[in-house]
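Only one structure is covered here, and it is reproduced in the block below.
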Amino acid sequence: MSKGKIFFVSCPEANHFCDKNQYKEASFWEKVRLNIHLIYCRACRKYTSKNMKLTKLVKNPKVISINQADKNVMKEQLRQKMQK
């Protein structure tokens, strides 16, 4: 096996390594191979960037929901508007 095949990976393989890395399941060599691939592949860099953003959003959601009393008020207002 040539040294090039050891370090260079296809885009689907790089995406798989990216997904594994997202969940902290990638080995050291998978991370190395992914980073080498990201140097020359713009599409996989974009995929990796979106994956990182998604992970951040899932880990730290900044969703604020309204309380039940406010929901009930909104429902009643909606019912009244629909009856008119």
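The values are calculated or read from the model by the stated rules, or taken from the named source; none is laboratory data. None of the values given here were measured: they were computed from a predicted structure. Heads up, the Cβs are rebuilt from the backbone with ideal geometry, glycines too, and the neighbour counts pull from every protein chain shown. Quick note on the areas: whole protein, heavy atoms, side chains included, nothing else; ligands and nucleic acids left out. Shrake-Rupley method; radii C 1.70, N 1.55, O 1.52, S 1.80 Å.
In whole Hz, what ³J(HN,Hα) sequence does region 57-68 give by Karplus (6.51, -1.76, 1.60; θ = phi - 60°), x for Gly and Pro?
So the J values, rounded to whole Hz, are 5, 6, 6, 10, x, 10, 9, 10, 9, 8, 6, 4.
Please tell me the relative contact order of the chain in percent, rounded to the nearest whole number, where contacts are Cα pairs under 8 Å and at least six residues apart.
Averaging sequence separation for qualifying contacts and normalising by length gives 26 percent for the chain.
Trypsin sites (Lys or Arg not before Pro) within region 10-69: which are DSSP loop residues with at most 13 other Cβ atoms inside 10 Å?
For trypsin sites (Lys or Arg not before Pro) across region 10-69 that sit outside H, G, I, E and B with at most 13 neighbouring Cβ atoms in 10 Å, the list reads 24, 62.
Give the accessible area for residue 74 in Å² (nearest 10); use a 1.4 Å probe, count only protein heavy atoms, and leave out ligands, DNA and RNA.
110
Going through region 1-68, which chymotrypsin sites (Phe, Trp or Tyr not before Pro) have at most 12 other Cβ atoms within 10 Å and a DSSP loop state?
Hits after loop and neighbour filter: 23.
Rounding to the nearest 10 and keeping the result within 0 to 90°, find how far the Cα-based axis of helix 11-22 lies from the longest principal axis of the chain.
60
Below 19 Å, Cα to Cα, which lysines can residue 20 reach? Residues fewer than 8 away in the same chain don't count.
Cα-Cα hits under 19 Å: 31, 46, 50, 53, 56, 59.
Just the Kirkwood number for region 19-59, please: inverse of mean 1/r across all distinct Cα pairs, in Å, one decimal.
Computed over Cα pairs of region 19-59, the Kirkwood hydrodynamic radius comes out at 10.7 Å.
For P(r) over Cα pairs in 10 Å bins from 0, in percent, which listed value, (i) 19, 54, 23, 3, 0; (ii) 12, 13, 13, 14, 13, 10, 8, 8, 4, 3, 2, 0; (iii) 16, 31, 16, 10, 12, 11, 4, 1, comes from the coordinates shown?
(iii)
Go through the cysteines of the chain and tell me which have no other cysteine Cβ under 4.7 Å away.
Cys with no partner Cβ under 4.7 Å: 11, 18.
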